[in-house]
Amino acid sequence: MKYGIGATTASRLSPETKLIVTQSPFDAYVRKYGTIPRRGVFGYFVHELGRRIVGGNYPVGSTLPNEPELVEQFGISRTVIREAMKCLAGKGLVEIKTRVGTRIKERSNWHHLDTDVMVWHYETGPSVELMRSIKDLRRVVEPEATARAAVRGTAEDLAAIASAYDDMVSSIGDVNTNADADLRFHTAIFAATRNMVYAQLIDLIAVAIYANRALSSHDEVAEGQKRSLPYHKDVLDAVVARDPEAALKASHRLLDAWRIDRYDF
């Protein structure tokens with residue numbers, strides 16, 4: 001599954017440009033949560049080049065085409081190219097060296113938790129390794145966040161979690177509304193940890209929730225959302241009861257139930 005230059009949709013840029021912009025199921029997510037907006041020549045070029053790197057079009061250790069080649073290939077200015085390279089370097093994808101060029105760095109150097117980098121993984125066809133890694137990290141992070149929420153959450157925090165759950169219940173069958181409520185549920189839990197660093201890790205879960213919606217069929221998503229409700233309710237009950245041990249266990253059960261049917265975890 002690849003999106004970007006070469007697909008048959010109308011360009012959103014000026015007629016003379018060679019940078020053809022195509023739609024992706026993750027466009028809406030990037031508009032809400034991405035660090036680099038998908039608008040203007042710079043934004044579209046960064047996302048296209050990022051997808052190509054993450055997708056393996058430019059293998060690790062290889063050197064990207066030089067500026068004149070990129071100008072010719074994409075029909076954009078050297079200024080845009082230089083700023084885009086700085087952006088990708090900031091995400092750990094490339095290393096810029098004078099008189100050597102721009103080299104693709106080892107995957108271990110990539111900022112995989114960067115919202116844009118994670119979306120590029122999904123857009124180019126997420127590997128089972130990535131999916132397993134995300135689930136493994138969620139199992140480490142999320143239950144502990146839930147236990148902390150049970151201890152530290154304010155009355156307002158608990159009300160926000162309960163409200164999001166109620167919205168999940170009432171929106172079964174509407175996969176987009178339900179997914180948004182699901183994200184609010186987990187966001188409220190992470191906020192209830194009263195740990196500003198912990199709270200920002202919600203981006204990891206946000207991409208996973210959105211990816212499930214984008215990568216699976218409507219029926220698969222709807223069935224998964226319905227199946228997850230009792231597990232979310234157990235999490236809510238444990239947090240409201242101020243029982244961190246029960247919250248920890250309920251969160252683990254929820255994660256054990258999470259899957260994307262086409263991937264074998």
Calculate what fraction, in whole %, of the accessible area of the chain sits on carbon and sulfur atoms when a 1.4 Å probe is rolled over the protein chains. 52
To the nearest 10 degrees, the tilt of helix 175-191 (Cα long axis) against the first principal axis of the alpha carbons of the chain is 80
Accessible area per residue of region 15-173 at 1.4 Å probe, in Å²? 47
Ranking request for peptides 29-36, 128-135: highest mean number of other beta-carbon atoms within 10 Å first, then the rest in descending order. 29-36, 128-135
Estimated FRET transfer efficiency when R0 is 51 angstrom, pair V169-R99 (beta carbons, to 0.05): 0.25
Angle between the chain longest axis and helix 202-215 axis [Cα atoms, degrees, rounded to 10]: 80
Calc'd 3J(HN,Hα), region 50-60, phi into Karplus 6.51 cos²θ - 1.76 cosθ + 1.60 (θ = phi - 60°), Hz, glycine/Pro = x, comes to x, 4, 5, 5, 5, x, x, 4, 10, x, 4
One quarter of the convex hull surface, Cα atoms only: what value does that give for region 25-109 in nm²? 5.7
Helix 244-257 versus the longest principal axis of the chain: what angle, 0 to 90°, nearest 10, using Cα atoms? 50
Relative contact order %, the chain, counting alpha carbon pairs below 8 Å whose residues are six or more apart: 18
Rounded Å value of the spacing that divides the Cα centres of region 202-257 and region 141-185: 9
Mind checking the dipole of the chain: about its Cα centre, +1 per Lys or Arg Cβ, -1 per Asp or Glu Cβ, Debye to the nearest 20? 820
Extreme residue, positive dipole direction of region 65-217, given options I189, P143, S133 (C-beta unit charges): S133
Could you give the spread of the C-alpha atoms of the chain along their three principal axes, from largest to smallest, in whole angstroms? 63, 35, 34
Can I get the semi-axes of region 148-253's equivalent ellipsoid? Compute them from the C-alpha gyration tensor as square roots of 5 times the eigenvalues, in angstrom, largest first. 23, 15, 12
Per residue of region 31-37, in order, report the coupling 6.51 cos²θ - 1.76 cosθ + 1.60 (Karplus, θ = phi - 60°) as ³J(HN,Hα) in whole Hz, putting x for Gly and Pro. 4, 7, 10, x, 7, 10, x
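The values are calculated or read from the model by the stated rules, or taken from the named source; none is laboratory data. Predicted model only: the values in this text are computed from it and were never measured. Glycine also receives a Cβ, built like all others from the backbone with ideal geometry; neighbour counts cover every protein chain displayed. The protein model used for the area step is the full one, side chains on, heavy atoms only, and it has no ligands, DNA or RNA in it. Shrake-Rupley method; radii C 1.70, N 1.55, O 1.52, S 1.80 Å.
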